[in-house]
Amino acid sequence: MILPRLAAVAACLATAVACGGGDTSSQPTTAPPTTTSALTKEAFVAAVNATCKKALTEAQDVGDPSTAAEYVAGTEKYIGILEEGQRELRALEPPADAKAKYVEFVAANDEQIQLLRDLLPTIQAAAAKNDEAAVEAEFGAAFTEFNAIAEKQAPWANSYELTECT
């Protein structure tokens, strides 16, 4: 049986758009959002919060894994959810006062999704051996790094009222 610590890891991964999370495959981390005109602060905050909330709901619907194989399947699903959320976030043009910080926010999301992508082959190999201890160790290390990125994002996100994204 997977130790309880992995449930906490899965919970954070389920909120990866809220904690961060992103898609490095479609655009480089330095790419600005892709809309052509800046949104008002109110419209921007509402759109970002809606995207984060949607991703969180979809990730929670994945369910709680209880085996190494379920962690692999869940991580694969989380990555897909996060990539879609990141595409939606990239499509938003923030107000001028938020642009630089938003680009940093989106780049941090990219770091988190890459962390999950890098984790996946390792946990796949461990799951193939039914090595739940290895899955736990790898998730634990990834969770620490994932949270460190999220902690860097939180001050700006909170100050800009992105309440569904922290």
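The values are calculated or read from the model by the stated rules, or taken from the named source; none is laboratory data. Computed from a predicted structure; not experimentally measured. Cβ coordinates were reconstructed from backbone atoms using ideal geometry, including for glycine residues, and neighbour counts include every protein chain displayed. Ligands, DNA and RNA are excluded from the accessible area calculation, which covers all protein heavy atoms including side chains. Shrake-Rupley method; radii C 1.70, N 1.55, O 1.52, S 1.80 Å.
Quick notes
- The number of residues in the stretch 56-84 that are closer than 22 Å to LYS129 by Cα and without any contact (Cβ under 8 Å) to a residue 40 or more places away in the chain comes to 3.
- Total residues in the stretch 85-104, condition of a type outside the set (Lys, Arg), more than 21 Å from ALA142 (Cα to Cα) and touching a residue at least 60 places away in the same chain (Cβ under 8 Å): 6
- Residue match in the stretch 95-102 (condition: of a type in the set (A, V, I, L, M), open to solvent by 20 Å² or more (accessible area, probe 1.4 Å) and modelled with pLDDT under 95): no
- Selected residue (criterion: nearest to the chain's Cα centre (by Cα)) from residues of the stretch 133-166 that are open to solvent by 50 Å² or more (accessible area, probe 1.4 Å) and within 21 Å of LYS54 (Cβ to Cβ): THR166
- LEU82 being in contact with a helix residue (DSSP H, G or I) (Cβ under 7 Å, 6 or more places away or on another chain), modelled with pLDDT of 90 or more and either farther than 25 Å from THR144 by Cβ or part of a helix (DSSP H, G or I) (or both): no
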